[in-house]
1. Could you pull out every residue, at least 5 positions away or on a different chain, whose amide H is within less than 5 Å of the one on ILE116? Hs are placed 1.01 Å off N in the peptide plane, and Pro or chain starts have none.
2. Determine the share of the chain's accessible area contributed by carbon and sulfur atoms, expressed in whole percent, with a 1.4 angstrom probe.
3. Using heavy-atom solvent-accessible surface (probe 1.4 Å) with all chains present, what is the largest-first order of MET42, MET128?
4. Work out the FRET efficiency for SER37 and LEU64 from their Cβ-Cβ distance, taking R0 = 22 Å, and round it to the nearest 0.05.
5. Between ASN84 and LEU156, what FRET efficiency follows from the Cβ-Cβ distance if R0 is 30 Å, with the result rounded to 0.05?
6. Sort all Cα-Cα distances of the range 70-184 into consecutive 5 angstrom bins from zero, then give the percent of pairs in each bin up to the one containing the longest distance.
7. Which values, in whole Å and largest first, are the semi-axes of the equivalent ellipsoid of the range 111-166 obtained as the square root of 5 times each eigenvalue of the Cα gyration tensor?
8. Nearest 5 percent is fine: what portion of the DSSP beta bridges confined to the chain is antiparallel?
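The values are calculated or read from the model by the stated rules, or taken from the named source; none is laboratory data. Nothing here was measured: the structure is a model prediction, and the numbers come from that model. Cβ placement follows ideal geometry from the backbone for every residue including glycine, while neighbour counts extend to all protein chains displayed. To get the accessible areas, we keep the full protein, side chains included, count just its heavy atoms, and leave off ligands, DNA and RNA. Shrake-Rupley method; radii C 1.70, N 1.55, O 1.52, S 1.80 Å.
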Amino acid sequence: GIIIIDPCRKYSNEVLIPTVYISSDSNRKEFDELHFSLKKAMNDIMLTLKKLGHTHIGFAGEPLTPSEQEHFKNSAKALSIPVNSSQIKISQKRFEEAGRDAVRQWINEGCLPTAIIAAYDYIAIGVMKELSQNGYRVPEDVSVVGINDITLAEFLDTPLSSVSYPKEELCREAVTLVFKKIDT
């Protein structure tokens, strides 16, 4: 059996192997599918930041995070938070380097947001490191939020605020579904 965990790719329904697809906010008919709501997570983050008084919120991502970027834009629009292209940084780098790259760009452009949402936690770690190296304090000067709540997040010098989704539960359910499909 196959378990596909990839919200960005398109797969053919010609797969003859029992397959389960784990995605965010998708509705694919060709596979059994389990969902986690990236849309809800982004809305929750944006709403919290808005309630804290942030009006200049940035997004740090990389080429493999288009759904996170889209949810960021949609949430901002739904909550009447103005967003322009200078607030969205999509680095060609990955992981921590993508976060560092985004912060460097904002600083060079003179438009550092008061809050930054990273597409995933490793990008957020890079954001925090680069902010620190440039004399900014998290969360006093800039709030930073990641997505996926990696275990490392709580052990950083400044613990990372991160949105979690039920990874273990989704994986257990996916394995159960694959075995059921194999047995039929």
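1. Amide H to amide H, under 5 Å and 5 or more residues apart or across chains, ILE116 pairs with GLY58, SER143, VAL144, VAL145.
2. Carbon and sulfur: 52 percent of the exposed surface of the chain.
3. Reading off the accessible areas and sorting them downward yields MET128, MET42.
4. 0.70
5. Between ASN84 and LEU156 the formula returns 0.50.
6. 2, 11, 19, 20, 17, 11, 7, 5, 4, 3, 1, 0
7. Each semi-axis is √(5λ); the values are 18, 12, 9 Å.
8. Roughly 0 percent of the DSSP beta bridges within the chain come out antiparallel.
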